[in-house]
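The values are calculated or read from the model by the stated rules, or taken from the named source; none is laboratory data. Since the structure is predicted, the reported quantities are computational estimates derived from the model, not experimental observations. Glycine gets a Cβ as well: all are built from the backbone with ideal geometry, and neighbour counts include every protein chain shown.
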Amino acid sequence: MTRRIDLRSDTVTRPTPAMYKAMAEAELGDDVLGDDPTVHKLEEAAAAKLGKEAGLFVPSGSMANNIAIKTHTKPGDEALFDWEAHSLCMEVGGPAALAGVLTRQFRSPGGVPDVDEIAAAIRPETLHSPGTRLLVLENTHNRLGGAIIPLDVHRHLFSLAKETGMMVHVDGARLFNAAVATGTPASEFAAQADSVSFCLSKGLGCPVGSLLCGTRDFVERARRVRKLFGGGMRQAGILAACGVVALETMIERLADDHSNAKRLAMGIHGLPGTCVDVEAVATNMVYLTTTGSAKPIEDKLAERGVLCIATSPKRIRLVTHKDVSAADIEEAIEVFRLTINI
Ligand code: TLP
C-alpha cells in the first residue's frame, strides 16, 4: 500500500501497542449489568481528571452530547448553541430529534462565545415562552478552527447560567487539547460546567469511545438515556482498557500535534489562491480557505498521498494527530506546494 499522510481527522489514529496489550489483558464483565471492572476504572479515572463525581462510558461523542442534552432538558425547553456547534450542525439534528428541544444560536467570533448575545437570549419559562434551560459550549471548537474558549469566558458564562437557572454542557471532544495548549488542567474548565463530554477516539488515540462526566445524580439519569439510545455495551472493558491507557499516557503528547499544526500552517501559508490564518491555529487544526473550489485540491492531494477534507466548497480542514510525525508534516508541505502551484 502506498504511504498516506492522513490529515482528514484525529479520529483516524490506530491504537498504540500499549492499548493492544491492555485490550488483550482487560478484566471484563457485563457493563449493562454494571459489573465490568475495566469500565468502572475508566469512568472513575475520567471523572477524577475532570474533577467531577462520576463518569459514563459511551460509544461516541455524538451520543455523549445527545445524552447530555436529553438528560438536562424536557421536550419544548430551549437550548443555546453556537451557530457552528458540532452538536447543532453535525449530529443529524439530534437535539431536536432525540431531546425535542428548541434550538437557538449565538455567535462566537474567533471561536469565543459572545457573552452579551447569550445573556440577551436567555428567557424564563412563561405562559408563552419556552424556558432557556441549557447552554452548550464546544471547547475546542471544531468548525471554528480548533479555537479554545478561554477559562474566564467559561467562568463568566457559568455564573450567568447559575443566576438564570440554566445548565451548562461542554462538548469537550477535544478538551484535553485546550488544556494542554493553555497549560490549564482540564478540571478547571470542567468546574465551569454541569456536564462535560470528551472523546477518547480523537487526539487521545483510542479506537472507540467517549466519556460523559457530571454529578453522580446526573450520570445515573444519563445512564438510563444511554440505554434508551441503545448505547449500553456489554464486555465494554475491552474498549475501556484503551481509554485507561490514553488517560495515563496520551494527554501530554497533544503538544506535539499542536506544534505540527502550527508548522503545517506556516508551511502552506501564502500558496497561490489560498489563505491560512497562521495566528488562528491554536491546537491541532488548520483550515485553508481557497479562492476556487476546494474539492479538486482535496482530490489532487489524495492522488499524491496526502488526505484532507474539503469541509465546505471553499475550505479544507487539516488535522494533526499522533500518527503524523514532524517529518510527515514536512512531506505534506512539499506535496501542498507541488499541488497548489500547478
Ligand atoms: N467530529 C468529527 C466529524 O464529525 C466532523 C471530526 O472528524 O472532527 N464534538 C466535536 C467537537 C467533534 O468534532 C465531534 C466529531 C463530535 C463531537 C462527535 O464525535 P463522534 O464522531 O465520536 O460521534
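General remarks:
- Listed conditions (1) more than 10 Å from the ligand (Cβ to nearest atom); (2) within 24 Å of Gln235 (Cβ to Cβ); (3) of a type outside the set (Ser, Thr, Tyr) are all met by Trp83, apart from (2).
- Test for Thr71: is it polar (S, T, N, Q), surrounded by 16 or more Cβ atoms within 10 Å (Cβ to Cβ) and away from the ligand (no atom under 13 Å from the Cβ): yes
- Against the criterion of being in the same structural domain as Ser210 (by TED's automatic domain parsing) and more than 18 Å from the chain's Cα centre (by Cα), Arg226 qualifies.
- Among residues of the stretch 185-199 that are under 12 Å from Glu138 (Cα atoms), those with a beta-carbon under 7 Å from a residue that is polar (S, T, N, Q) at least six positions away or on a different chain give the pairs Phe189/Asn139; Ser197/Asn65; Ser197/Ser210; Phe198/Ser210.
- When we screen Leu301, Leu264, Leu239 for residues that are within 14 Å of the ligand (Cβ to nearest atom) and part of a helix (DSSP H, G or I), the only hit is Leu239.
- Among the residues making up the stretch 149-164, those that are out of contact with any strand residue (DSSP E or B) (no Cβ under 8 Å at 6 or more places or on another chain) and touching a residue at least 40 places away in the same chain (Cβ under 8 Å) are Leu151, Val153, His156, Leu160.
- Residue count, the stretch 291-300 (criterion: of a type in the set (S, T, N, Q) and buried (at least 21 other Cβ atoms within 10 Å of the Cβ)): 0
- Of the residues making up the stretch 253-271, just one is among the polar types (S, T, N, Q) and either under 12 Å from Lys322 (Cβ atoms) or touching an Asp or Glu at 6+ places or on another chain (Cβ under 7 Å) (or both), namely Asn260.
- Condition check for Ala46: out of contact with any Pro (no Cβ under 8 Å at 6 or more places or on another chain) and within 16 Å of the ligand (Cβ to nearest atom): yes
- Test: residue in the stretch 194-211 that is farther than 30 Å from Val335 by Cβ and away from the ligand (no atom under 16 Å from the Cβ): yes
- Counted residues, the stretch 157-185 - those being outside any helix (DSSP H, G or I) and either over 13 Å from Cys213 (Cβ atoms) or of a type in the set (A, V, I, L, M, F, W, C) (or both): 10
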